[in-house]
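All remarks here apply to the structure that follows.
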Amino acid sequence: MVNTSTPLKAESKDLNFFYANGHQALKSVNMPLYENKITALIGPSGCGKSTFLRCFNRMHDLYPGNKYEGGIVMHPDNTNVLAAGVDPIEVRMRISMVFQKPNPFPKTIFENVAYGLHVRDEKNKRVIADKVEEALKGAALWDEVKDRLNDLAFNLSGGQQQRLCIARALATDPEIMLFDEPTSALDPIATANIEELMSELKNKLTILVVTHNMQQAARVSDYTAYMYLGELMEYGDTDTIFTRPTRRETEDYITGKFG
Amino acid sequence: MALHDSQIAGALTKASVLENLGAVRAMIRRHKRNDIVFAGIGLLALMLGLLTLLTLFIDLVMDGYPRFNLQFLSEFPSRRAGSAGLLSAWVGSALIMIVTFLTAVPVGVAAGVYLEEYAPKNWFSDLIEINVSNLAGVPSIIYGLLALGLFVYGLDLGQSILTAGLTLGLLILPIVIVSTREAIRGIPVAIREAAYAVGATKWQVVSDHVVKYSQGGILTGVIIGMSRAIGETAPIITIGALTFIAFLPPSPISDVAPYLNFEWLSSSFTVLPIQMFNWLSRPDHAFHINAAATGAIIIMLTLLMNGTAIYLRYQIRKNIKW
Ligand SMILES: Nc1ncnc2c1ncn2[C@@H]1O[C@H](COP(=O)(O)OP(=O)(O)OP(=O)(O)O)[C@@H](O)[C@H]1O
Ligand SMILES: [Mg+2]
């Protein structure tokens, strides 16, 4: 149904997900994730967007009793990241995440960005400093913080903290970056900054972003997926979804008649 | 509260607004009376506790006043009340506190971290949980009996500083475990998830984040536990502390390499509350002055330790906002 010349980075195949209380939050979700593209997940609150996103980095494994069925296959190595034999830590080394609310560690700006490197046993101070600088530049935060790298991250503004979290996720050169409503706690200017940032980041990696903001989805994403009650209702390139959706529900949601 | 009559009809007249305002103000005054009544009762309850302690403390200070001098701290106990001092008792207490600290902190923190982060949640961990809380309520003399059997006879450690330190360490272990767990539970899920999301293992999350951010709470628990331990008498008597000691244990620091010396661990000892008890049980009133002075010193020590705990927690929490 979509452009086939772009290489696939990952795809979810017949993905079902059950929370520990037995609630099935995802129902047979099939969706491609194209390399160096931004895919937006939209849909009404509670439809399973965050649940789907958090399958990609196995965040659900942190809580006992959650269960996956089906798979998310990463390319080019064809690893099913949900397979029982695959270590969730390995998956998180390849796929990083930015959360809805900025969640910096109570450490310095530098330590926050360097933490992923620390976890990867990087000991070389030069390498770490270079990587931190590169990540902060990549997150468009460098100019604002270069003179105060040893300040506590909590002293930054909300928008700066969110960019810091992006830098932290970026410093480890992930293949895929997940964003769960990354701008919902930010003002329009900080939001614009982050959208611009995402458009630049896609040159390096693949992005999956959850958003409630239709304009944002239309502005930044290449592909859009509309979810409803745990199912993927419609998927396509963003222009098509926003101008000629095939399903009535999608159109109603996008135009604000429902949701 | 009454709706405006006129509101139902539509427009608000000035008269109806004023009338309604009067009624609202009367209601607020009525509600606020409860605040005043409770504030009074609460203050009274607080004062009852505080005043009792204060009276006791002032009483001790006034009785013991003649002995508040450096000589009291630098003299051994003696048959003459006027020249008897606390030297062996405070040195004993201090050395025992070192052993207590060194046992209770690593064991308590490790147990707390394990229970909170690693232990599977099932009936067995629930059972352990209940027992840890129960341990905090076990009378301290029971710990003394346990220590007598285990440390003194079982492990043959004798009636030593080591035995006393281990016993008190055991005694405050539940406090350290509980405060460790509470401090850990205060760490927001978002911070943990952030650490896991960059690929950290459980141990990296625990050592880089969980333990670091709960230091303030753990330290508070440790100091509060120690301030309880320093006044404990019953278990120490049970394991056989002497009541009259006119010598010091060997110094822990020596002037030849390796500069540390562990003979003091097996030395016999006395502690502040036992010294106080000893003086108190003498018929000669002059010794009661010494006892009062010792009591005042123990209370001051406890207050000082709790004050330090509050200060340290504040200092550590200052850099952590969530
Ligand atoms: N820990 C959990 N245990 C059980 N059910 C859950 C849990 N978390 C979420 N759910 C349920 O799973 C469904 C999907 O939730 P999810 O958080 O993925 O929605 P969402 O699309 O991200 O919504 P929002 O836009 O409000 O963030 C909801 O019905 C929710 O109630
Ligand atoms: Mg969500």
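The residue that is nearest to the other protein chains (Cβ to nearest Cβ), counting only those in the stretch A:100-134 that are open to solvent by 20 Å² or more (accessible area, probe 1.4 Å) and touching a residue at least 60 places away in the same chain (Cβ under 8 Å), is A:Lys101.
Return yes when A:Ala20 is open to solvent by 30 Å² or more (accessible area, probe 1.4 Å), closer than 19 Å to A:Gly230 by Cβ, away from ligand 2 (no atom under 16 Å from the Cβ) and in a loop (DSSP other than H, G, I, E, B) and no when it is not. When the stated conditions are applied, A:Ala20 passes them. Scanning the stretch A:226-241 for residues that are part of a strand (DSSP E or B) and closer than 12 Å to A:Cys47 by Cα turns up A:Tyr226, A:Met227, A:Tyr228, A:Glu231, A:Leu232, A:Met233. Among the residues making up the stretch B:77-109, a single one is farther than 20 Å from B:Gly231 by Cα, open to solvent by 50 Å² or more (accessible area, probe 1.4 Å) and among the β-branched types (Val, Ile, Thr): B:Val107.
Restricting B:Ile297, B:Ile245 to residues that are at pLDDT 80 or above and either under 22 Å from the mean Cα position of the chain (by Cα) or away from chain A (no Cβ under 14 Å) (or both) narrows the list to B:Ile297. Closer than 28 Å to A:His75 by Cα and modelled with pLDDT of 95 or more: does that describe A:Val113? Against the criterion (closer than 28 Å to A:His75 by Cα and modelled with pLDDT of 95 or more), A:Val113 qualifies.
Among the residues of the stretch B:103-110, is any over 30 Å from B:Ser251 (Cβ atoms) and assigned to a helix (DSSP H, G or I)?
yes
For B:Ser207, the test of being among the polar types (S, T, N, Q), on the phi < 0 side of the Ramachandran plot, in the same structural domain as B:Val189 (by TED's automatic domain parsing) and in contact (Cβ under 8 Å) with a residue 12 or more places away in the chain is failed.
So that you can scan it fast, the table gives a plain yes or no per residue for (1) in a loop (DSSP other than H, G, I, E, B); (2) closer than 30 Å to B:Leu242 by Cβ:
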| position | (1), (2) |
| --- | --- |
| B:Thr55 | no, no |
| B:Phe76 | yes, yes |
| B:Gly82 | no, yes |
| B:Gly92 | no, yes |
| B:Met97 | no, yes |
| B:Glu116 | no, no |
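In the stretch A:139-186, the qualifying residues are those that are within 16 Å of ligand 2 (Cβ to nearest atom) and of a type in the set (Ser, Thr, Tyr), and the one that is farthest from the other protein chains (Cβ to nearest Cβ) is A:Thr183.
Evaluated against (1) within 16 Å of ligand 2 (Cβ to nearest atom); (2) touching a residue at least 60 places away in the same chain (Cβ under 8 Å); (3) of a type in the set (Ser, Thr, Tyr), A:Ser12 falls short on exactly one condition, (1).
The values are calculated or read from the model by the stated rules, or taken from the named source; none is laboratory data. No experiment lies behind these values; they were computed from the predicted model shown. No Cβ is skipped: glycine too gets one built from the backbone with ideal geometry, and neighbour counts run over all protein chains shown. Surface accessibility is based on the protein's heavy atoms, side chains included, excluding ligands, DNA and RNA. Shrake-Rupley method; radii C 1.70, N 1.55, O 1.52, S 1.80 Å.
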